[in-house]
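Student: Below is a structure I'd like to ask you about.
Every number in this text was worked out from the coordinates using simple rules, so none of it is lab data. Owing to the predicted nature of the structure, the values given are computational and were not obtained by experimental measurement. Cβ placement follows ideal geometry from the backbone for every residue including glycine, while neighbour counts extend to all protein chains displayed.
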Amino acid sequence: MTRTDRRDFLRQSLAWSGVVLLGERGFPADGEYLGNLTWLEKRTRPLDELYGSGLDGRLYKDLSKLTPETLVTSNDGFYVRTRASALLDATSPWTITVRGLVKEPVTLRLPDLKAHVVPQGTHLMECSGNGPGGAHGLLSAARWSGIPFGEVLKKVSIQPQATRALVSGFDQYPPEDPNTSFSRVGASWVFMFEELSSFGAFMATEMNGAPLPRDHGFPVRLIVPRWYGCCSPKWVNEIVLVDDGEPATSHMKEFATRTHQQGTPELAKDYVSASMDHSAMPVRVEKWRVDGKVSYRVVGILWGGDRPRNDLLIRFNPEEEYQPVSSCPLPEETATWSLWSHPWTPRAPGKYRIELQIRDATVRKRRLDLGYYGRSVEVSEA
Ligand SMILES: Nc1nc2c(c(=O)[nH]1)N[C@H]1C(S)=C(S)[C@@H](COP(=O)(O)O)O[C@H]1N2
Ligand SMILES: [Mo]
């Protein structure tokens, strides 16, 4: 085991140690599992099924199946937002052009950068437009390897006025591609050098020990840990070094609201870091029969934020008080997600809206404050 593997393994076993009294996969050992309740939010997309092409290509992950063993998503189970273009030719040596505020533009050959590939650990990615129509399934985590972004910058001589990098990928689709997507083509984002280094951005070449799958950016994509997925261009082929006067890209503007910007700024420098706040949601409500009585258990995930915390609260309707989640192990770090669970005895049959919150009011958690990940169920037996 490498150091990262061992850390992942330890984290996963620790994450579930809060429920060691429960049986296999965390279920009560003596109970009968009766299945999961259905979410009442209208779902319009299939789950765990790769469909569509190009910009419209999607895979929404079925998060209700998450277990401690599947917290690292397999390559073909990882969510997809935009599939590789039919025009993408990744056979010849891939190149990345670095231009803009450099002494001399250079064309880097990916094979020449491969010496800098190192394990980067497990990182979660979430689409900022991750809504109920796809059961919030635009969320996955993988173990990545890649080239630290700083190593790429070392290959060029940077002019002193450069403060930012505009990173772009291959985003050309055949005219006959039947896109009906509301999404616009392109995923270029402008980052402050400082953001790229402090968040540990890297150019990923491997996912879970294998070359990146084509739909996930083969042969190389950017990953900005703890930022929304819209800031991680796939099929990266160009880096332009720019200064503070650089306009925002159309992609940044399209995603301004979803990344919690103030309005839709015209200049890249007026965009705040698109990092994910502390977030949590239920992924399933299990129904059990224990000692002849029906009981429920809510299982969910916790992710985002800048430091590990487990002061998670849950409530089962807006008029109810929040109460501490009964089993929420403290994660080791916030690069990826962890599981929590909470036994639930509804007072009466009826509809319940489940919401999560963080106890510390000083913590930034904009989506929790908005009730963004709240989900509802109907209980027929209490
Ligand atoms: N070149 C390119 N990169 C892209 C996109 C795109 O449309 N084109 N979509 C972005 C968005 S919105 C998300 S959420 C992530 C999704 O990455 P995944 O499909 O590997 O899960 O890729 C990002 N990178
Ligand atoms: Mo996204």
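Student: Looking only at the stretch 221-241, count every residue that is crowded, with 20+ Cβ neighbours inside 10 Å, outside any loop (DSSP other than H, G, I, E, B) and either more than 16 Å from ligand 2 (Cβ to nearest atom) or among the β-branched types (Val, Ile, Thr) (or both) and tell me the total.
Tutor: 5
Student: Let me spell it out: the conditions are (1) away from ligand 1 (no atom under 16 Å from the Cβ); (2) assigned to a loop (DSSP other than H, G, I, E, B), and Tyr33 meets all of them except one. Which number is the exception?
Tutor: (2)
Student: Out of Thr264, Thr259, which single residue is in a loop (DSSP other than H, G, I, E, B), surrounded by fewer than 18 Cβ atoms within 10 Å (Cβ to Cβ) and of a type outside the set (Asp, Glu)?
Tutor: Thr264
Student: Among the candidates Val80, Val102, Val167, Val117, single out the residue that is under 30 Å from Gly300 (Cβ atoms) and either among the aliphatic types (A, V, I, L, M) or touching a helix residue (DSSP H, G or I) at 6+ places or on another chain (Cβ under 8 Å) (or both).
Tutor: Testing whether each residue is under 30 Å from Gly300 (Cβ atoms) and either among the aliphatic types (A, V, I, L, M) or touching a helix residue (DSSP H, G or I) at 6+ places or on another chain (Cβ under 8 Å) (or both) leaves just Val80.
Student: Another question, if that's okay. Residue under question is Arg99, and the condition is that it be within 14 Å of Phe218 (Cα to Cα) and either within 16 Å of ligand 1 (Cβ to nearest atom) or touching a residue at least 12 places away in the same chain (Cβ under 8 Å) (or both); does it hold?
Tutor: no
Student: Out of (1) within 13 Å of ligand 1 (Cβ to nearest atom); (2) under 26 Å from the mean Cα position of the chain (by Cα), what's the single condition that is false for Ala86?
Tutor: Going through the list (1) within 13 Å of ligand 1 (Cβ to nearest atom); (2) under 26 Å from the mean Cα position of the chain (by Cα), Ala86 breaks only (1).
Student: Can you name the residue in the stretch 105-153 that is of a type in the set (A, V, I, L, M) and within 16 Å of ligand 1 (Cβ to nearest atom) and is also farthest from Ser181 (Cα to Cα) among such residues?
Tutor: It comes out as Leu110.
Student: Conditions first: (1) within 16 Å of ligand 2 (Cβ to nearest atom); (2) closer than 24 Å to Glu69 by Cβ. Ser326 passes all but one, so which condition is the exception?
Tutor: Result: Ser326 passes all but (1).
Student: In the set Leu212, Leu267, Leu241, which member is without any contact (Cβ under 8 Å) to a residue 40 or more places away in the chain and more than 18 Å from the chain's Cα centre (by Cα)? If you could, list the steps in order and put the result at the bottom.
Tutor: Details: Leu212 fails: more than 18 Å from the chain's Cα centre (by Cα); Leu241 fails: without any contact (Cβ under 8 Å) to a residue 40 or more places away in the chain.
Exactly one of Leu212, Leu267, Leu241 is without any contact (Cβ under 8 Å) to a residue 40 or more places away in the chain and more than 18 Å from the chain's Cα centre (by Cα), namely Leu267.
Student: Which pairs turn up if I take residues in the stretch 145-156 that are farther than 14 Å from Val240 by Cα and look for partners that are of a type outside the set (Gly, Ala, Ser) and assigned to a helix (DSSP H, G or I) with beta carbon separation below 6 Å, at least 6 apart in sequence or on another chain?
Tutor: Ile147/Leu113; Ile147/His116; Glu151/His116
Student: Considering the stretch 149-182 alone, what residues qualify as being out of contact with any Ser or Thr (no Cβ under 9 Å at 6 or more places or on another chain), surrounded by fewer than 20 Cβ atoms within 10 Å (Cβ to Cβ) and not in a loop (DSSP other than H, G, I, E, B)?
Tutor: Within the stretch 149-182, Glu151, Leu153, Ile158 meet the criteria.
Student: Hey, among the residues in the stretch 248-280 that are in contact with a Lys or Arg (Cβ under 7 Å, 6 or more places away or on another chain) and hydrophobic (A, V, I, L, M, F, W, C), which one's farthest from ligand 1 (Cβ to nearest atom)?
Tutor: Across the stretch 248-280, the extreme among qualifying residues is Ala268.
Student: Run Thr91 past the list (1) under 30 Å from Ala162 (Cα atoms); (2) surrounded by fewer than 18 Cβ atoms within 10 Å (Cβ to Cβ) and report the number of the one that doesn't hold.
Tutor: So the condition that Thr91 fails would be (1).
Student: Given (1) within 22 Å of the chain's Cα centre (by Cα); (2) in contact (Cβ under 8 Å) with a residue 60 or more places away in the chain, where does Val294 come up short, assuming only one miss?
Tutor: Against the list (1) within 22 Å of the chain's Cα centre (by Cα); (2) in contact (Cβ under 8 Å) with a residue 60 or more places away in the chain, Val294 comes up short only on (1).
Student: Out of Pro219, Pro178, Pro225, Pro211, report the one residue that is more than 9 Å from ligand 1 (Cβ to nearest atom) and over 19 Å from Ser74 (Cα atoms).
Tutor: Just one listed residue meets the conditions, Pro178.
Student: For the stretch 148-190, how many residues meet the condition of being under 20 Å from the mean Cα position of the chain (by Cα) and farther than 15 Å from Ser85 by Cα?
Tutor: Residues that pass the stated criteria total 6.
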